[in-house]
Amino acid sequence: MLGGDREVIIETGKLAKQADGSVVVKQGDTMLLATVVAAKEAKPDCDFMPLQVDYKEKYAAAGRYPGGFLKREARPNDSEILVARLIDRALRPLFPADYHAEVFVTVNLISADKDIQPDALAGLAASAALAVSDIPFGGPISEVRVARIDGKFVINPLFSQMENCDLDIMVAGTLDNIMMVEGEMKEVSEADMLDAIKFAHEEIKKHCQVQIELSKELGKDVKRTYCHETNDEELRQLIIKETYDKAYAVAKGATSKHERMDQFDAIEAEFCTRYTEEELAEKLPLIKKYFHDDVLKKAMRNMILDEGIRLDGRKTTEIRPIWCEVGYLPAAHGSAIFTRGETQALASVTLGTKLDEKQKDEVLVQGTEQFVLHYNFPPFSTGEAKAARGLSRREIGHGNLAWRALKPMVPVGDENPYAVRVVSDILESNGSSSMATVCAGTLALMDSGLKMKKHVSGIAMGLITDTATGKYAVLSDILGDEDHLGDMDFKVTGTRDGITATQMDIKVDGLSYEVLAKALEQAKQGRLYILDKLVETIAEPRADFRPFVPRLVQITIPGEFIGAVIGPGGKVIQDIQKTTGTTITITEADNKGVVDIFGENKEALDAALARIKAITATPEVGEVYKGKVKSIVAFGAFVEILPGKDGLLHISEIDHKRFENMEQTGIKEGDTLEVKLIGVDPKTGKIKLSRKALIKKE
């Protein structure tokens with residue numbers, strides 16, 4: 001089969017044969033081993049799909065040693081977690097609704113072509129492993145990367161092709177439907193993004209067809225039987241009859257999240273009172289399931305489809321009330337609060353030196369990241385009474401989406417010498433905290449004085465569909481419950497001029513491009529509305545940095561002076577930093593050195609700058625210098641006129657008088673003299689000095 005213009009091979013039956021399904025996917029020298037294993041039975045009272053997806057890149061795959069003290073692969077890095085999430089989000093909706101056995105999908109990069117991006121093949125590998133197993137699954141699926149390079153769409157481009165890319169998205173889908181989209185863009189239009197998704201789907205169909213044929217050839221198109229749920233239809237109908245109307249009234253009347261949940265809990269508790277403790281112990285799991293799936297979910301969906309009313313009373317296109325504030329944290333380099341309804345993000349900005357840049361040492365990607373964004377979602381933001389323990393995969397994924405959204409608008413490289421870190425702490429959450437992070441991050445960056453190119457806003461869209469009637473409703477700025485109970489979660493970020501990032505998860509089959517186009521257009525209107533609110537709060541970056549931001553001076557020096565500024569073993573540059581209280585970094589490029597000097601005040605910067613300029617100054621004929629006598633020789637003295645630059649003051653150039661020896665001149669080692677540079681030997685570069693030229697002849 002083909003992936004872009006390069007052949008992709010799926011091999012099975014050779015490796016990991018004790019797994020329920022295993023394949024090796026090859027493209028060029030890149031090889032991915034994917035395995036899947038499922039438990040025979042579900043655990044008792046398990047009413048969800050316990051799917052675990054892991055993606056791991058082996059350093060040996062690229063002939064590299066892992067870093068760190070242990071010299072072995074450790075916990076997954078952020079990139080590996082993000083790839084695992086891409087696979088998980090595409091697979092999870094396609095398992096049968098009543099299949100609750102634990103399923104473990106593992107994808108390992110075991111050989112790496114340094115120019116092939118393996119994440120584009122990981123979803124295909126995971127799906128192929130399921131296809132050659134007997135595990136029940138509604139696929140197959142595949143994932144492809146679509147990039148627009150020099151105006152043309154390319155499937156699964158190489159690393160070396162990405163330099164001129166203005167659209168980079170990962171798309172997952174089945175033979176018939178799109179399941180997941182995630183990626184970043186440089187202000188592209190909604191129509192262009194839709195075209196890219198359609199382009200991806202044509203390639204995905206080829207991948208799925210090959211997997212179907214492979215499954216049939218191996219006799220794995222018939223899946224294992226299972227029975228993981230026991231149901232009580234009489235109880236289901238009783239719950240609907242007794243609680244649906246009450247739940248519908250609460251859904252229509254209660255606008256506060258906690259008020260609504262308390263009233264729903266009260267309805268459920270009232271229904272449970274008809275049973276004894278022994279009966280309730282047996283029936284409670286089913287009561288909770290039916291009340292959630294057949295009462296709450298249907299009541300909310302019917303209210304939206306039939307009356308156009310949402311849980312908090314809004315219309316389908318209406319955005320929740322927004323208020324913003326910048327400069328809330330007085331000692332931070334930049335800060336902002338963004339509140340939309342019951343979702344609130346506090347963002348802070350820290351500007352640092354090149355030494356603060358994030359170091360990337362992945363199997364195929366090494367280097368530094370000048371701009372980073374970190375997202376924190378503590379339990380108190382949703383009123384949960386539990387401790388925050390470690391960083392979740394969800395936090396990494398949401399932070400990455402917000403980072404992608406802001407990245408095109410954050411100046412880096414020659415436009416900005418600072419390392420930039422944005423931290424978003426979610427203080428309240430009821431839907432779309434990642435989009436609140438984008439908005440709060442924009443405001444905080446503007447507040448810091450960093451020359452942010454444009455405002456970026458984000459919105460989360462939802463979808464409610466009824467396949468029986470053909471009705472559907474696209475929802476702007478969804479609540480957490482609308483995300484949980486709806487059929488689509490579609491996040492879009494951008495400026496006035498186009499989209500910068502997107503993330504879409506579809507939970508139903510058969511979403512048409514017509515519906516997707518409507519959702520994109522409705523998202524654009526909501527995004528522009530939110531953008532106006534951001535501009536009202538702060539229209540442009542502050543004219544100057546906040547008081548606590550370290551000041552910076554940047555100069556360029558000739559490449560031959562880099563060693564002189566650094567000194568033997570770093571002795572010179574360390575002395576400058578110690579005596580002036582500054583931080584100095586030097587980046588070499590094109591036979592030049594870019595020197596960044598960071599300091600807390602102007603005096604420190606000026607002192608360090610003067611030291612560096614003295615070292616890098618080029619002696620000029622005719623200039624007068626105040627130098628220090630470094631050594632005395634029989635025919636004159638060597639005088640240091642600039643740091644590291646000595647010239648010969650010949651005995652005949654000391655005075656108009658004639659001296660027989662240096663003792664007669666009275667010049668001693670360590671003396672300070674004013675001298676004039678009278679010549680430089682073109683062959684040797686030796687400097688000739690004169691003191692006589694500065695003395696008037698009698």
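The values are calculated or read from the model by the stated rules, or taken from the named source; none is laboratory data. None of the values given here were measured: they were computed from a predicted structure. Positions of Cβ are backbone-derived with ideal geometry, glycine not excepted, and every protein chain shown enters the neighbour counts. Surface accessibility is based on the protein's heavy atoms, side chains included, excluding ligands, DNA and RNA. Shrake-Rupley method; radii C 1.70, N 1.55, O 1.52, S 1.80 Å.
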Problem - the stretch 365-384 - residue that is under 25 Å from Met162 (Cβ atoms), part of a strand (DSSP E or B) and free of Cβ contacts under 8 Å to residues at least 60 places away in the same chain and, of those, most open to solvent (accessible area, probe 1.4 Å) - result: Gln366
Exercise for the section: Please specify each residue of the stretch 258-275 satisfying the condition of being open to solvent by 40 Å² or more (accessible area, probe 1.4 Å) and assigned to a helix (DSSP H, G or I). Expected result: His258, Glu259, Met261, Asp262, Gln263, Asp265, Ala266, Ala269, Glu270
Exercise for the section: Looking only at the stretch 520-531, decide whether some residue is in contact (Cβ under 8 Å) with a residue 40 or more places away in the chain, over 27 Å from Glu307 (Cβ atoms) and surrounded by 18 or more Cβ atoms within 10 Å (Cβ to Cβ). Expected result: yes
Practice task
Consider Ala19 carefully, then state whether it is surrounded by 13 or more Cβ atoms within 10 Å (Cβ to Cβ), aliphatic (A, V, I, L, M) and within 29 Å of the chain's Cα centre (by Cα).
Solution key: no
Fill in the blank from the handout: When every residue in the stretch 547-569 that is open to solvent by less than 10 Å² (accessible area, probe 1.4 Å) and over 31 Å from the mean Cα position of the chain (by Cα) is compared, the one nearest to Asp414 (Cα to Cα) is Ile557
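Matching residues to (1) under 30 Å from Ala112 (Cβ atoms); (2) over 19 Å from the mean Cα position of the chain (by Cα); (3) open to solvent by less than 30 Å² (accessible area, probe 1.4 Å):
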{"site": "Ile309", "(1), (2), (3)": "no, yes, no"}
{"site": "Pro330", "(1), (2), (3)": "no, yes, no"}
{"site": "Gly334", "(1), (2), (3)": "no, yes, yes"}
{"site": "Phe338", "(1), (2), (3)": "no, yes, yes"}
{"site": "Val349", "(1), (2), (3)": "no, no, yes"}
{"site": "Leu355", "(1), (2), (3)": "yes, yes, no"}
Practice task
Could you check Ala90 against (1) open to solvent by 20 Å² or more (accessible area, probe 1.4 Å); (2) touching a residue at least 40 places away in the same chain (Cβ under 8 Å); (3) of a type in the set (A, V, I, L, M) and say which number it fails?
Solution key: (1)
Problem - Criterion: open to solvent by 20 Å² or more (accessible area, probe 1.4 Å) and closer than 24 Å to Gly341 by Cβ - qualifying residue of Leu443, Leu427 - result: Leu427
Practice task
Kindly indicate whether any position in the stretch 54-61 is open to solvent by 10 Å² or more (accessible area, probe 1.4 Å), touching a Ser or Thr at 6+ places or on another chain (Cβ under 8 Å), farther than 25 Å from Ser392 by Cα and not charged (D, E, K, R).
Solution key: yes
Exercise for the section: With the checklist (1) within 22 Å of Leu82 (Cα to Cα); (2) part of a strand (DSSP E or B) in hand, flag the one item Leu427 doesn't pass. Expected result: (1)
Practice task
Evaluate the stretch 240-249: report whether one residue or more is at pLDDT 90 or above and closer than 24 Å to Pro96 by Cα.
Solution key: yes
Practice task
Please state which one of Ile597, Ile641, Ile654 is in contact (Cβ under 8 Å) with a residue 40 or more places away in the chain, of a type in the set (A, V, I, L, M) and touching a helix residue (DSSP H, G or I) at 6+ places or on another chain (Cβ under 6 Å).
Solution key: Ile597
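List the helices (runs of 4 or more DSSP H) that sit entirely inside the stretch 541-621 and contain at least 2 residues that are at positive phi and not acidic (Asp, Glu).
It comes to none.
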Practice task
Working only within the stretch 285-307, note down all residues that are of a type in the set (S, T, N, Q) and either exposed (fewer than 15 other Cβ atoms within 10 Å of the Cβ) or at positive phi (or both).
Solution key: none
Completion exercise
Taking first residues from the stretch 236-259 that are touching a residue at least 40 places away in the same chain (Cβ under 8 Å) and second residues anywhere that are of a type in the set (Gly, Ala, Ser) and assigned to a helix (DSSP H, G or I), the pairs with Cβ under 6 Å that are 6 or more apart or on different chains are Ala247/Ala299; Tyr248/Ala299; Ala251/Ala299
Completion exercise
Across (1) in a loop (DSSP other than H, G, I, E, B); (2) open to solvent by 60 Å² or more (accessible area, probe 1.4 Å); (3) under 28 Å from Lys298 (Cβ atoms), Lys252 clears everything bar (1)
Practice task
Working carefully through the options Phe659, Phe638, find the one that is modelled with pLDDT of 85 or more and either touching an Asp or Glu at 6+ places or on another chain (Cβ under 7 Å) or closer than 30 Å to Asp596 by Cα (or both).
Solution key: Phe638
Practice task
Return yes or no: is Pro44 under 30 Å from Thr230 (Cα atoms) and open to solvent by 40 Å² or more (accessible area, probe 1.4 Å)?
Solution key: yes
Practice task
Search the stretch 219-243 for residues being among the hydrophobic types (A, V, I, L, M, F, W, C) and open to solvent by 50 Å² or more (accessible area, probe 1.4 Å), and hand back the single one that is farthest from Gly138 (Cα to Cα).
Solution key: Leu238
Problem - the stretch 144-167, subset of a type in the set (D, E, K, R), farther than 11 Å from Ile197 by Cα and in a strand (DSSP E or B), residue most open to solvent (accessible area, probe 1.4 Å) - result: Lys152
Practice task
Provide a single number: the residues in the stretch 83-101 that are in contact with a Leu (Cβ under 8 Å, 6 or more places away or on another chain) and assigned to a loop (DSSP other than H, G, I, E, B).
Solution key: 1
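Here is a yes/no grid of residues against (1) surrounded by fewer than 21 Cβ atoms within 10 Å (Cβ to Cβ); (2) in contact with a helix residue (DSSP H, G or I) (Cβ under 6 Å, 6 or more places away or on another chain); (3) of a type in the set (A, V, I, L, M):
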site: Gly173; (1), (2), (3): no, yes, no
site: Met180; (1), (2), (3): no, yes, yes
site: Ala191; (1), (2), (3): yes, no, yes
site: Lys205; (1), (2), (3): yes, no, no
site: Ile212; (1), (2), (3): yes, no, yes
site: Glu217; (1), (2), (3): yes, no, no
Practice task
Answer yes or no as to whether Ile116 is touching a helix residue (DSSP H, G or I) at 6+ places or on another chain (Cβ under 8 Å), in a helix (DSSP H, G or I) and within 19 Å of Leu364 (Cβ to Cβ).
Solution key: no
Practice task
Would you check if Lys246 is in a helix (DSSP H, G or I), touching a strand residue (DSSP E or B) at 6+ places or on another chain (Cβ under 8 Å) and not β-branched (Val, Ile, Thr)?
Solution key: no
Handout entry: Which listed residue is among the small types (Gly, Ala, Ser), under 53 Å from the mean Cα position of the chain (by Cα) and open to solvent by less than 60 Å² (accessible area, probe 1.4 Å), from Gly593, Gly636
Key = Gly593
Problem - Candidates Pro157, Pro140 - the one that is at pLDDT 90 or above and touching a Ser or Thr at 6+ places or on another chain (Cβ under 6 Å) - result: Pro140
Exercise for the section: Taking the residues in the stretch 675-692 that are free of Cβ contacts under 8 Å to residues at least 60 places away in the same chain and surrounded by 14 or more Cβ atoms within 10 Å (Cβ to Cβ) as candidates, determine which candidate is farthest from Lys613 (Cα to Cα). Expected result: Lys692
